[in-house]
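Data first, discussion second: the structure below is written as structure tokens.
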Amino acid sequence: MSMFEGLKFRKISSPIHSLDPRVKFFYVIAMFAAAVMYMEIIPLIALFLIQIPLIIAAKVTRQWIKSMRGATYLAAIIFFTNLLFSYFYPTGESFSYIVEHATAMTLRFVVLVESFSVFFLTTSPDHLGLALENSHVPYEFCFAFTTAVRFVPVLAEEAQTIMDAQKARGLELEKGNFLKRVKNYIPILIPLIVNAIRRSLELAEAMESRAWGATKNRTNLYELKLHRGDYVLTALTVLLIVLAVYVRLYIPIPAVSEILG
Amino acid sequence: MEKQIFKTDRKMPIIEADNLTYTYPGAEKPSIREVSLKIEKGEFVLLTGPSGCGKTTLCRCFNGLIPHFYEGKLRGEIRVAGMNVAEHAIYELAKHVGLVFQNPENQLFALSVEKDVAFGLENLGVPREEIRKRVDWALKVTDIYELRERPPYELSGGQQQRVAIAAVLAMQPEVIVLDEPTSFLDPLGAKKIFEDIYRLNRKLGITIVLVEHRLDLTAKYANRIIIMDEGKIVLDGEPRKILVSEEVHLMGIGIPKVIRLYQFLKQRGKDLGEPPLSSEEIAKKLRERLGR
Amino acid sequence: MIEAYDLHFVYPNGVEALKGVSLKIRNGEFVAIMGQNGAGKTTLVKHFNGLLKPTQGKVLIDGVDTREVSVAKLARKVGFVFQNPDHQLFCETVEEEISFALKNFGFKENVIKRRVTWALNLLGLTRYRKTSPFMLSGGERKRVALASVLAWNPKILILDEPTIGQDYAQKEKLRQFILQMKAQKKTGIIVTHDVEFVAECNPRVVLMSNGKIVADGEARKILTSPEILEKASIIPPEVSRIFLELSNIGFPTNVIDIYEAGEIILDFWEGKRREHV
């Protein structure tokens with residue numbers, strides 16, 4: 001859960017926050033592509049490090065550390081499955097190579113989480129919705145997206161309240177065998193579903209009352225315009241891809257174990 | 001001066017219901033029965049009655065949620081701003097009638113206040129510059145301009161409800177209908193909302209229909225009270241007359257304590273003249289009478 | 001008896017909802033916890049049945065530390081009716097809904113039957129025994145929720161915002177019920193910001209603001225002090241507002257009851273009384 005906690009957007013102003021979400025998304029994709037290209041530790045470490053200035057510029061270091069900490073659990077799983085895999089299906093490689101390989105796979109995951117958290121920590125869901133709209137995604141989907149984001153905390157709180165209300169009536173969730181435990185959740189699920197339905201009806205009513213669907217040519221309060229920063233990031237991202245491809249193709253990358261001895 | 005606006009505009013009814021009967025789909029009995037009423041431009045109408053009396057159903061008829069959204073069976077006719085509700089889409093009516101609901105949480109969808117206020121105008125396809133102008137105006141009128149970039153779900157209930165009001169205000173409707181807008185708010189928050197609504201009525205001449213149980217907090221703002229029971233309008237008139245009528249006491253309506261005190265004194269032969277509608281008013285009368 | 005000593009509570013998201021609350025509620029007392037939304041009222045009472053455990057300080061229920069027993073065990077003693085009945089109703093019939101807790105607490109079948117009948121009767125729900133709770137009106141659902149807690153006859157009863165969204169007649173019923181409880185010397189706590197309702201029930205008032213208790217005393221004392229109430233964003237009740245306005249011509253300022261108010265005004269009118277004694 002805490003990995004997602006780290007991805008929660010908070011409104012602050014920074015040069016990174018004001019970047020166009022489409023450009024930032026392009027950057028995430030580029031990072032993703034670059035990370036997938038490599039299985040060696042050194043370039044992956046480089047990919048990890050070059051993102052840190054962005055995080056500092058965006059003033060989200062603390063939340064970022066939080067999300068990275070949240071990711072450690074998954075990272076550990078990736079590391080050990082890789083290790084186990086090489087153990088059960090030996091390819092004749094040395095142990096140090098196996099460890100290095102597992103580390104690289106884990107790093108790859110870490111780099112992905114890092115770039116995604118840069119994106120989500122600095123992009124307001126509102127802007128994201130707008131970016132979707134400008135990318136010709138039908139408005140209904142964009143609206144569904146932003147509304148979902150908006151109601152996640154509300155529903156989480158509601159679930160907690162329902163749980164409390166049933167506990168106050170003597171419900172013990174952890175009691176009984178597996179089947180009983182599953183059954184224990186019925187008194188929580190039913191009110192949750194009923195309330196969600198009721199809530200969505202009210203929402204629909206409010207939307208209709210505010211002229212939902214009046215015209216096909218919907219306008220928007222916000223406008224996405226590319227600024228200088230956006231061009232800079234785009235240029236840097238393109239450069240990164242070119243460099244990544246070049247290194248991949250023409251420069252042999254030594255393994256750490258080789259360097260060390 | 002304000003009185004004059006009332007008089008000149010009073011000729012034209014903004015809401016006109018004629019023999020309106022409506023049954024929800026699947027329901028056996030109609031929720032409102034043979035409702036006829038005229039609401040003039042600029043009025044401040046307080047609509048009240050016990051739970052389940054049909055107040056909310058009637059509100060839904062004002063902007064076409066009934067019959068368009070709820071379907072069901074509608075008989076009789078209702079005209080709002082000259083349009084037959086049954087023949088016009090909800091979004092057309094939305095330009096004339098704004099609805100504010102009870103639960104602020106379920107009527108705000110956007111992730112920033114100003115985006116929420118803009119929602120209706122965006123749907124209508126109003127040009128961006130115009131949206132910006134109207135959104136800023138609505139935010140200023142409701143005194144939440146400073147909150148414009150905040151996400152609505154982080155605000156207090158009172159602030160959220162103000163966002164909801166600004167959101168309908170931005171569409172510049174002639175009528176704003178509010179269905180128990182303060183039931184989730186604390187007393188001070190509620191009081192501020194009522195004062196805001198009153199200001200919209202006085203300063204901008206917007207017709208207000210307010211559904212509310214707590215007459216003690218609201219009677220002084222209204223120029224008219226409509227009381228419903230079992231789907232029918234049973235009383236309709238000036239607050240000072242309605243609240244002291246005998247019928248109202250039999251209806252299970254919460255009579256303001258000010259009125260109850262006034263009537264207690266009257267029964268003991270102590271007449272304070274015209275019935276008061278607020279604690280300040282009765283205190284003033286008593287001070288005139290008893291002060292040295 | 002409920003005792004809280006220097007209670008602090010911080011939510012996982014870092015919000016400090018209670019900042020040092022000490023409070024004692026004796027058996028048979030009837031208390032209204034008041035304050036604006038977000039003052040920490042609900043957070044405080046959720047400590048009384050163990051739904052929340054103190055971050056610092058402690059809460060004792062009849063001398064037992066809430067950290068040492070399960071919610072289920074505490075709930076047997078402390079009944080908690082939530083604000084929104086829709087957060088708890090889930091059964092097919094009202095009868096099942098009311099017996100849910102009784103089953104959880106391990107009551108015997110014949111006892112359950114008796115208790116359900118008793119609770120249905122107490123709240124005037126008998127004719128809905130076999131009805132689905134989802135088919136009932138808001139006011140009725142609220143009563144089902146109340147009945148489902150009363151059924152196990154908890155020693156202490158907590159009602160969270162019982163008057164929200166209720167009309168006059170429903171509030172009146174609730175008031176009768178509370179007065180009855182009070183007469184039977186049952187320990188009761190209501191969490192509310194409904195001043196008029198509190199003025200009519202005349203309980204002990206605990207006023208909260210910003211995670212702290214800012215005043216504690218008789219309703220007629222607290223609800224007639226505008227300076228104290230303002231700290232908690234609460235307006236004095238109607239009767240009190242009238243009398244406060246008239247204090248400069250010698251009216252007493254500590255009146256919240258309408259009948260008392262009527263008599264005092266009459267006395268003044270007839271010249272039986274000039275100054276507040």
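Residue-wise test of (1) farther than 30 Å from C:LYS103 by Cβ; (2) free of Cβ contacts under 8 Å to residues at least 12 places away in the same chain; (3) surrounded by fewer than 21 Cβ atoms within 10 Å (Cβ to Cβ).
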site: C:ALA183; (1), (2), (3): yes, yes, yes
site: C:ILE190; (1), (2), (3): no, no, no
site: C:ASN210; (1), (2), (3): yes, no, yes
site: C:GLU218; (1), (2), (3): yes, no, yes
site: C:GLU227; (1), (2), (3): yes, yes, yes
site: C:ILE242; (1), (2), (3): yes, no, no
site: C:GLU245; (1), (2), (3): yes, yes, yes
| query | When you look at B:ILE78, is it among the aliphatic types (A, V, I, L, M), away from every other protein chain (no Cβ under 11 Å) and surrounded by 18 or more Cβ atoms within 10 Å (Cβ to Cβ), yes or no? | reply | yes
| said: Going residue by residue through the range C:13-23, is there one that turns out to be touching a residue at least 40 places away in the same chain (Cβ under 8 Å), farther than 22 Å from C:ALA75 by Cα, surrounded by 18 or more Cβ atoms within 10 Å (Cβ to Cβ) and of a type in the set (Gly, Ala, Ser)? | reply: yes
| query | Considering only helices (runs of 4 or more DSSP H) fully contained in the range B:135-246, which possess at least 3 residues that are farther than 19 Å from B:LEU47 by Cβ and in contact with a helix residue (DSSP H, G or I) (Cβ under 8 Å, 6 or more places away or on another chain)? | reply | B:157-169, B:187-204
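Residues are listed down the side, and each one gets a yes or a no for (1) within 9 Å of chain A (Cβ to nearest Cβ); (2) under 22 Å from the mean Cα position of the chain (by Cα); (3) not β-branched (Val, Ile, Thr):
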site	(1), (2), (3)
B:ALA86	no, yes, yes
B:ILE90	yes, yes, no
B:LEU99	yes, yes, yes
B:LYS115	yes, no, yes
B:LEU124	yes, no, yes
B:GLU129	no, no, yes
| task | Kindly provide the set of residues from the range B:247-278 that are in contact with a strand residue (DSSP E or B) (Cβ under 9 Å, 6 or more places away or on another chain) and assigned to a helix (DSSP H, G or I), ordered by number. | result | B:GLU247, B:VAL248
| Verdict on C:ILE178 being touching a strand residue (DSSP E or B) at 6+ places or on another chain (Cβ under 6 Å) and either at pLDDT below 90 or more than 14 Å from C:GLY139 (Cβ to Cβ) (or both) | no
| task | Determine the pairs where a residue that is more than 9 Å from chain C (Cβ to nearest Cβ), located within the range A:185-199, has a partner that is among the polar types (S, T, N, Q) and surrounded by 15 or more Cβ atoms within 10 Å (Cβ to Cβ) with Cβ atoms under 6 Å apart, the partner being 6 or more residues away or on another chain. | result | A:ARG199/B:ASN106
| said: Among the residues that make up the range A:117-136, is at least one of them in contact with an Asp or Glu (Cβ under 6 Å, 6 or more places away or on another chain), under 29 Å from A:ARG218 (Cβ atoms) and surrounded by 17 or more Cβ atoms within 10 Å (Cβ to Cβ)? | reply: no
| Just wondering, is there one or more residues in the range B:31-44 that are assigned to a loop (DSSP other than H, G, I, E, B), of a type in the set (Lys, Arg) and surrounded by 19 or more Cβ atoms within 10 Å (Cβ to Cβ)? | yes
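Considering each of C:ALA219, C:ALA232, C:ALA215, C:ALA199 in turn, give the residue that is in contact with a Gly (Cβ under 8 Å, 6 or more places away or on another chain), more than 8 Å from chain B (Cβ to nearest Cβ) and over 21 Å from B:LEU272 (Cα atoms).
Sole residue among the options that is in contact with a Gly (Cβ under 8 Å, 6 or more places away or on another chain), more than 8 Å from chain B (Cβ to nearest Cβ) and over 21 Å from B:LEU272 (Cα atoms): C:ALA232.
Would you say C:LEU44 is closer than 30 Å to B:GLN159 by Cα and part of a loop (DSSP other than H, G, I, E, B)?
Answer is no for this residue.
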| task | Being hydrophobic (A, V, I, L, M, F, W, C) and either facing chain C (nearest Cβ under 7 Å) or out of contact with any strand residue (DSSP E or B) (no Cβ under 8 Å at 6 or more places or on another chain) (or both) narrows it down to one of B:ILE242, B:ILE233, B:ILE282, so name that one. | result | B:ILE282
| Selected residue (criterion: farthest from C:LEU229 (Cα to Cα)) from residues of the range C:196-210 that are outside any loop (DSSP other than H, G, I, E, B) and under 12 Å from the mean Cα position of the chain (by Cα) | C:CYS201
| Hits in the range B:45-68 (condition: surrounded by fewer than 22 Cβ atoms within 10 Å (Cβ to Cβ) and more than 22 Å from C:GLY165 (Cβ to Cβ)) | B:PRO67, B:HIS68
| message | Cβ-Cβ distance below 7 Å, separation of 6 or more or different chains: which pairs start in the range A:33-57 with a residue that is within 21 Å of A:ILE16 (Cβ to Cβ) and end on one that is modelled with pLDDT under 90 and buried (at least 20 other Cβ atoms within 10 Å of the Cβ)? | response | A:GLN51/A:VAL118; A:LEU54/A:ILE16; A:LEU54/A:VAL118; A:ILE55/A:TRP64; A:ILE55/A:VAL118; A:ALA57/A:ILE16
| So C:GLY50, is it within 24 Å of C:LEU223 (Cα to Cα), out of contact with any His (no Cβ under 9 Å at 6 or more places or on another chain) and assigned to a loop (DSSP other than H, G, I, E, B) | no
| In the range A:208-232, how many are under 25 Å from B:ALA164 (Cβ atoms) and more than 7 Å from every other protein chain (Cβ to nearest Cβ)? | 1
| field | Check on C:ILE256, surrounded by fewer than 22 Cβ atoms within 10 Å (Cβ to Cβ), touching a residue at least 40 places away in the same chain (Cβ under 8 Å), in a loop (DSSP other than H, G, I, E, B) and within 14 Å of chain B (Cβ to nearest Cβ) | value | no
| message | Kindly evaluate B:PRO104 against the criterion of being buried (at least 19 other Cβ atoms within 10 Å of the Cβ), under 21 Å from A:LEU155 (Cβ atoms) and more than 9 Å from chain A (Cβ to nearest Cβ). | response | yes
| field | Meets criteria (in the same structural domain as A:LEU112 (by TED's automatic domain parsing), modelled with pLDDT of 85 or more and either under 15 Å from the mean Cα position of the chain (by Cα) or farther than 30 Å from C:PRO12 by Cα (or both)) for A:ALA71 | value | yes
| message | Can you confirm whether B:ARG79 is in a strand (DSSP E or B), closer than 22 Å to B:TYR91 by Cβ and in contact with a strand residue (DSSP E or B) (Cβ under 7 Å, 6 or more places away or on another chain)? | response | yes
| task | Would you be able to say whether some residue in the range A:42-50 is surrounded by 18 or more Cβ atoms within 10 Å (Cβ to Cβ), within 29 Å of A:LYS225 (Cβ to Cβ) and modelled with pLDDT of 90 or more? | result | no
| request: State all residues of the range A:139-192 that are farther than 30 Å from B:GLY125 by Cα, assigned to a helix (DSSP H, G or I) and of a type in the set (Phe, Trp, Tyr); if no residue qualifies, say none. | output: A:PHE178
| said: Can you tell me which condition B:ALA94 does not meet? The list is (1) more than 7 Å from every other protein chain (Cβ to nearest Cβ); (2) buried (at least 24 other Cβ atoms within 10 Å of the Cβ); (3) touching a residue at least 60 places away in the same chain (Cβ under 8 Å), and all the others hold. | reply: (1)
| said: Please verify whether C:VAL149 is over 19 Å from A:ASN195 (Cβ atoms), touching a helix residue (DSSP H, G or I) at 6+ places or on another chain (Cβ under 8 Å), within 14 Å of chain A (Cβ to nearest Cβ) and buried (at least 21 other Cβ atoms within 10 Å of the Cβ), treating the condition exactly as stated. | reply: yes
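The values are calculated or read from the model by the stated rules, or taken from the named source; none is laboratory data. Because the structure is a prediction, the values reported are computed rather than measured. So basically every Cβ, Gly included, is an ideal-geometry build from the backbone, and we count neighbours across all protein chains shown.
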